[in-house]
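Please read the structure below before turning to the comments.
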Amino acid sequence: MGIFSKLKQVFSAKEDADIYLSGLNRSKKSFSQRIRSLALNFKGIDEEFLEELMVVLLEADIGIKTAQKIVDRVENEAMDRNLKSFGEISECLIEQMAQMYEEKGDEAIKRNEAGPTVILMVGVNGSGKTTTTAKLTKRLQEEGKSVVLAAADTFRAGAIDQLAMWAERLQVPCIKGKEGGDPSATLVDACRYAKAHDLDYLIGDTAGRLQNKANLMKELEKMHRVIAREIPGAPHEVWLVIDATTGQNGIAQAQVFLDACHVSGIILTKMDGTAKGGIVFAIRDLLGLPVRYIGLGETADDLRPFDLEAYLYGMCEGLFEE
Ligand SMILES: Nc1nc2c(ncn2[C@@H]2O[C@H](COP(=O)(O)OP(=O)(O)OP(=O)(O)O)[C@@H](O)[C@H]2O)c(=O)[nH]1
């Protein structure tokens, strides 16, 4: 069975497959169409084809380094396995993309059995941290978990109110400090609240100003330190929120956070917009981190766990069918 049939089989068995697919509608279409268009000039794996393939991968926002790796792998595989037809090469491409993602290995999401699990949301302003915090809260509530939010973005005017509004809508407590106050103090209060009320999760929404990297690092270090003092082993997860529509720029910005704290996973927002599907592979290759969730809209329901098979199926739907 070829990879596409396998993906289709796995995909069809998934409960919310259709939502996934319609959310990703725009990202997926252009990729499969562009790959299909390569068939027009296809005369075999020659330099011209590999160059055109490279261009399609770059257009999908895979980024130059990752695109080059994929092209090299496809070329080598095609030689080793004596692949000749366009169909075989396209399957090989999707296989290599899947392998590149999978071979980095995956750690399970950490949970604190002994008390509150603390998740810290980091990322540049506007990436969607606050909205994603709300979406995560909703998902956890649906799993029957109790949540407290910490409005630790004390920097941006309005950020505290924005989170508090979500908290009210979702009916969860929200611990707030003063605008311009110390975000670590808010986090300490939230940790104590979570312990006192025996809550399952604490999600901290932090500020993401990049203008001053030294300050950002200091602030994040302090947050880690004070949280760990309150709840041993915390923060259990630090999720970096990246706006997928910012493409390779978003990845470059992400590096600052990777330097500043121990990021354990990525949440890619705005995948329902003009984002190109390839960004997932660039992130995985360049940052080495798993994509935990993808954002598919602006409401509290628009967050889905990242699922490589469903995602790849979405990207290559239409590529192999008549
Ligand atoms: N279409 C779409 N819009 C999103 C998604 N996630 C967030 N947004 C929108 O992106 C904008 C910014 O989101 P916020 O959650 O305020 O971003 P933030 O990172 O908290 O920004 P600051 O509060 O400035 O730090 C809002 O208008 C959100 O509704 C998504 O998955 N899809």
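So ASN25 clears everything in (1) under 23 Å from GLU75 (Cβ atoms); (2) modelled with pLDDT under 85; (3) surrounded by fewer than 17 Cβ atoms within 10 Å (Cβ to Cβ); (4) of a type outside the set (Ser, Thr, Tyr) except one condition, right? Which one?
(1)
Tally up the residues in region 134-191 that are crowded, with 23+ Cβ neighbours inside 10 Å and more than 25 Å from the chain's Cα centre (by Cα), please.
Adding up the residues that qualify gives 4.
Can you name the number of the only condition in (1) more than 14 Å from the ligand (Cβ to nearest atom); (2) assigned to a helix (DSSP H, G or I); (3) β-branched (Val, Ile, Thr) that THR246 fails?
Condition (1) is where THR246 drops out.
Could you check region 125-153 and list, in sequence order, the residues that are within 6 Å of the ligand (Cβ to nearest atom) and charged (D, E, K, R)?
Matches in region 125-153: LYS129, ASP153.
May I ask you to list the residues in region 193-242 that are among the acidic types (Asp, Glu) and within 21 Å of the chain's Cα centre (by Cα)?
Selection gives ASP205, GLU237.
Would it be correct to say that GLY295 is out of contact with any helix residue (DSSP H, G or I) (no Cβ under 9 Å at 6 or more places or on another chain), within 30 Å of ILE35 (Cα to Cα) and crowded, with 19+ Cβ neighbours inside 10 Å?
In short, no.
Return the residues of region 175-205 that are under 17 Å from PRO116 (Cβ atoms) and within 14 Å of the ligand (Cβ to nearest atom); say none if nothing qualifies.
Passing the criteria: ILE203, GLY204, ASP205.
Of everything in region 53-65, what is part of a loop (DSSP other than H, G, I, E, B) and not hydrophobic (A, V, I, L, M, F, W, C)? Give them in sequence order.
ASP61, GLY63
Against the definition (touching a Ser or Thr at 6+ places or on another chain (Cβ under 8 Å) and either outside any loop (DSSP other than H, G, I, E, B) or of a type outside the set (Lys, Arg) (or both)), how does LEU50 come out, yes or no?
So LEU50 does not fit the description; no.
Consider MET97 against the criteria (1) crowded, with 24+ Cβ neighbours inside 10 Å; (2) within 16 Å of the ligand (Cβ to nearest atom): it satisfies all of them except one. Which criterion is unmet?
In the conditions (1) crowded, with 24+ Cβ neighbours inside 10 Å; (2) within 16 Å of the ligand (Cβ to nearest atom), MET97 misses (2) alone.
The values are calculated or read from the model by the stated rules, or taken from the named source; none is laboratory data. What you see is a predicted model, and the numbers here were worked out from it, not measured in a lab. A quick note on method: Cβ atoms are made from the backbone with ideal geometry, for glycine too, and the neighbour counts reach across all protein chains shown.
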